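Asker: The structure is given below, and queries will be raised subsequently.
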Amino acid sequence: MSVLDRIGGAPALSTAAGRFYRRVLDDPELTSYFVGIDMPRLKRHQAHLLTSVLGGPVEYTGREPAGAHKGRGITEARYARVADHPGAMLHGPQVPDEVMDTVSTTVAGVREQIVAPTTGAGAR
């Protein structure tokens, strides 16, 4: 049985993506990044990305992180806040450590593509 199957397959990841965005949208420091965003589409996109990252049958066909986040002004601090949420959305007794490790590695691996370059003294 695959890791993806052990955690409930694609339906479980769709649920996890919904939990992720509820947490993010409830965070007053993050919600402004999602004004005007088609959230059902974004949730489907996130579920497909997670499914692909975890070796599922869905091949990720979305934009690369750099293009999708360009011009959004995402700071290191805000990225760190968002990066805490995937672990919370997937954490549970049915989620093996290897899944958590894969998601954490993926989140860390795209940081440089998402965080806006800083310029000048005092930039975060």
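The values are calculated or read from the model by the stated rules, or taken from the named source; none is laboratory data. Worth saying up front: this structure is predicted, and the values here are computed from it rather than measured. So basically every Cβ, Gly included, is an ideal-geometry build from the backbone, and we count neighbours across all protein chains shown. The accessibility values were calculated without ligands, DNA or RNA, using every heavy atom of the protein model including side chains. Shrake-Rupley method; radii C 1.70, N 1.55, O 1.52, S 1.80 Å.
Asker: Can you spot a residue in the stretch 45-55 that is free of Cβ contacts under 8 Å to residues at least 24 places away in the same chain, in contact with a Gly (Cβ under 8 Å, 6 or more places away or on another chain) and among the aliphatic types (A, V, I, L, M)?
Answerer: Yes; the residues of the stretch 45-55 include at least one that is free of Cβ contacts under 8 Å to residues at least 24 places away in the same chain, in contact with a Gly (Cβ under 8 Å, 6 or more places away or on another chain) and among the aliphatic types (A, V, I, L, M).
Asker: With the requirement that a residue be within 16 Å of the chain's Cα centre (by Cα) and of a type in the set (A, V, I, L, M, F, W, C), what does the stretch 26-57 give you?
Answerer: LEU30, PHE34, ILE37, MET39, LEU42, ALA47, LEU49, LEU50, VAL53, LEU54
Asker: Identify all residues within the stretch 90-108 that are open to solvent by less than 80 Å² (accessible area, probe 1.4 Å) and either assigned to a helix (DSSP H, G or I) or modelled with pLDDT of 75 or more (or both); write none if there are none.
Answerer: Once the filter is applied, which keeps residues that are open to solvent by less than 80 Å² (accessible area, probe 1.4 Å) and either assigned to a helix (DSSP H, G or I) or modelled with pLDDT of 75 or more (or both), the stretch 90-108 yields LEU90, PRO96, VAL99, MET100, THR102, VAL103, SER104, THR106, VAL107, ALA108.
Residues are listed down the side, and each one gets a yes or a no for (1) out of contact with any Ser or Thr (no Cβ under 7 Å at 6 or more places or on another chain); (2) charged (D, E, K, R); (3) closer than 22 Å to THR75 by Cβ:
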site	(1), (2), (3)
ALA17	yes, no, no
ASP27	yes, yes, yes
THR31	yes, no, yes
GLY36	yes, no, yes
GLY55	no, no, no
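Asker: Moving on to the next point. Surrounded by 11 or more Cβ atoms within 10 Å (Cβ to Cβ), modelled with pLDDT under 85 and part of a helix (DSSP H, G or I): is that true of GLY87 in this structure?
Answerer: Yes; evaluated as a whole, the condition is true for this residue.
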